[in-house]
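What follows is a set of notes on a single structure, which appears directly below.
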Amino acid sequence: MSDNAATTACADTAAPRPVTHVAAAVLLRQGPAGTEFLLARRPEGKVYAGWWEFPGGKVERGETDAQCLVRELQEEMAITVTAATPWITRRFEYPHASVRLKFFKVTAWEGGAADGDIHAVEHDAVAWTPLGAPAAVAPVLPANGPILEALGLPEVYAVTDAGAHGVAAELARLDAALAGGLRLVQVREKGDGLDGAARRDFAAAVVARVHAVGGRVLVNDDVELARAVGADGVHLSSSALRAAAVRPDMPLVAASCHDAAELDAAIALGCQFAVLGPVAPTASHPGTAPLGWGRFAELVEESPIPVYGLGGLSAADLPAARAANAHGVAALRGW
Ligand SMILES: Nc1nc2c([nH]c(=O)n2[C@@H]2O[C@H](COP(=O)(O)OP(=O)(O)OP(=O)(O)O)[C@@H](O)[C@H]2O)c(=O)[nH]1
C-alpha cells in the first residue's frame, strides 16, 4: 500500500484514465483437506472495507511486480516470500480506479505465526479455503470472482487418445491417473480412431469415472455429445474457436490456441481457460515449430484466463510451466 504507486496511461478505454498496477498473492499452504489459499479482509476506513481480497498492493515506481509482491507481503502479513510464480493478469474498471492486477501463486515463505497460520498486520481478518471449494468467506472484491473460479482448475489437464491406445487400455490408464489425483479430462478422440457409437460410449465411461471422484470432463468440439453424456463442458479446437460466433452454452468452455490471436479469441469468447502450444516438440504435430517456455511466457503474460502449456509435456514439466505464467500442463501422452 503506497502513495507512490506506478501508473501507466490507459490507451484502450473510451475515457482514458491512469492504470494502477497491483501485485496480489495467492498464498498456498498444505492443510488437512489438501491445498488451501488465503483471503484477507479489508479493514474499516478503506474503500471496500469488509470485502475480502488477496494480500498485495500497488506497484511503486521502479519496482517490478515480483518485487512489489515481496514488499507488500512483508508489510501486510509480516512474511518473507521465498517461492512465487507469476499467474494470471486481470484488468478491471472500478469507479475509483482502473487496475491491472498481476496475481502470483506463493508456495513458500518465512515468518508468520508459530502455528503455521499468518497473522495480518493491515487486514482485520484472514481465512483459508481449500482449493476447488467455494470461498469460505464473502464478499470478495468485484474483480476477484474469475480468480476464485480459476483457482478451482487443477494443474494437470489430461487429453484422451483411446483411438490410439484402445478403449480398455485408455480407461485403465484413466483409472490409475484418477487414483493419483487427476481431476480434469478432455475426451478428444478425433480422426478415425473411434466411430460415433464407440466415441459416445467411451465419453460416457470417462464421465462416469471422473465424476465419481469429483472431477470434470470436457468433450472436444462436440457440444451435442458433451450434453448427451453429461460432460461439464466443451473444448474447442483452434479451428472451432476461429469459427465460433458465440460461446457454447455449457458450464465449462476451453479452447486450443497456437498464437496471440487465438488466445485473444478464446478470451473474447468467454472461455474459462485455454491451452497453448506446442511448447515442446511433439509426435502428434511433427511439422510444427515449438514455442518454448520463453515465447509461451510472453504470450501468456497478460492473459486474464488460466493457460495450460501443451505439446510434449507431462507433470514433470510443472515447475517450468509455473515459472512461465502457465496455470499447468495439458498432455495427450504424458499423464
Ligand atoms: N491487494 C489486492 N487488491 C485488489 C484485489 N482485487 C482488486 O480488485 N484489488 C484492487 O487493487 C487495488 C489494490 O491497491 P491497494 O491495496 O494498495 O490499495 P488500497 O485500496 O488498499 O488503498 P491505499 O493503499 O491507497 O490505502 C485496489 O483498488 C483494490 O480494490 C486483490 O485481490 N488484492
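The values are calculated or read from the model by the stated rules, or taken from the named source; none is laboratory data. All of these numbers come straight from a predicted model, not from anything done at the bench. As a convention, Cβ positions derive from the backbone with ideal geometry for all residues, glycine included, and neighbour counts pool all protein chains shown.
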| remark: The residue that is nearest to PRO251 (Cα to Cα), considering only those in region 104-149 that are assigned to a strand (DSSP E or B) and within 12 Å of the ligand (Cβ to nearest atom), is VAL140
| Every residue from region 43-66 that is hydroxyl-bearing (Ser, Thr, Tyr) and more than 6 Å from the ligand (Cβ to nearest atom) | THR64
| task | Could you give me the residue pairs with C-beta distances under 7 Å whose first residue belongs to region 27-49 and is among the small types (Gly, Ala, Ser) and surrounded by 17 or more Cβ atoms within 10 Å (Cβ to Cβ), whose second residue is part of a loop (DSSP other than H, G, I, E, B) and modelled with pLDDT under 95 wherever it lies, and which are 6+ apart or on separate chains? | result | ALA40/ALA120
| said: Looking only at residues that are aliphatic (A, V, I, L, M) and at pLDDT 95 or above in region 25-44, which one is nearest to the chain's Cα centre (by Cα)? | reply: VAL26
| message | Among the residues in region 315-329, are any more than 14 Å from the chain's Cα centre (by Cα), outside any helix (DSSP H, G or I) and of a type outside the set (S, T, N, Q)? | response | no
| task | Filter region 252-274 for residues that are over 17 Å from GLY233 (Cα atoms), of a type outside the set (Asp, Glu) and surrounded by fewer than 17 Cβ atoms within 10 Å (Cβ to Cβ) and give the result. | result | ALA260, ALA261, ALA268
| note | Picking from ALA136, ALA164, the residue that is modelled with pLDDT under 95 and within 30 Å of PHE92 (Cβ to Cβ) would be ALA136
| task | Could you list, in sequence order, all residues of region 66-89 that are surrounded by fewer than 21 Cβ atoms within 10 Å (Cβ to Cβ) and among the charged types (D, E, K, R)? | result | ARG71, GLU75, GLU76
| Sole exception among (1) free of Cβ contacts under 8 Å to residues at least 60 places away in the same chain; (2) under 23 Å from ALA66 (Cα atoms); (3) within 11 Å of the ligand (Cβ to nearest atom) for HIS96, by number | (2)
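Here's a check for you: in region 1-24, which residue that is touching a Gly at 6+ places or on another chain (Cβ under 7 Å) and at pLDDT below 95 is farthest from the ligand (Cβ to nearest atom)?
If we take residues in region 1-24 being touching a Gly at 6+ places or on another chain (Cβ under 7 Å) and at pLDDT below 95, then SER2 is farthest from the ligand (Cβ to nearest atom).
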| task | Answer yes if at least one residue in region 166-181 is touching a Ser or Thr at 6+ places or on another chain (Cβ under 7 Å), among the basic types (Lys, Arg) and surrounded by 15 or more Cβ atoms within 10 Å (Cβ to Cβ), and no otherwise. | result | no
| note | Taking region 27-42 and keeping residues at negative phi and more than 9 Å from the ligand (Cβ to nearest atom) leaves LEU27, LEU28, ARG29, GLN30, GLY31, PRO32, ALA33, THR35, GLU36, PHE37, LEU38, ARG41
| request: Return the pairs, sorted by first residue and then second, in which the second residue is at pLDDT below 95 and charged (D, E, K, R), the first residue lies in region 300-315 and is surrounded by fewer than 24 Cβ atoms within 10 Å (Cβ to Cβ), the beta carbons are less than 9 Å apart, and the residues are 6+ apart or on different chains. | output: GLY312/ARG333; SER314/ARG333
| task | Considering only residues that are in contact with a helix residue (DSSP H, G or I) (Cβ under 7 Å, 6 or more places away or on another chain) and on the phi > 0 side of the Ramachandran plot, look in region 205-232 and name the one that is surrounded by the fewest Cβ atoms within 10 Å (Cβ to Cβ). | result | GLY230
| request: Identify, from the list LEU101, LEU69, the residue that is assigned to a strand (DSSP E or B), closer than 22 Å to LEU151 by Cα and within 11 Å of the ligand (Cβ to nearest atom). | output: LEU101
| task | Output the number of residues of region 160-179 satisfying the condition of being farther than 12 Å from ALA203 by Cα and either of a type in the set (Lys, Arg) or outside any helix (DSSP H, G or I) (or both). | result | 2
| note | Within region 303-314, residues being over 21 Å from THR288 (Cβ atoms) and touching a Phe, Trp or Tyr at 6+ places or on another chain (Cβ under 7 Å) number 2
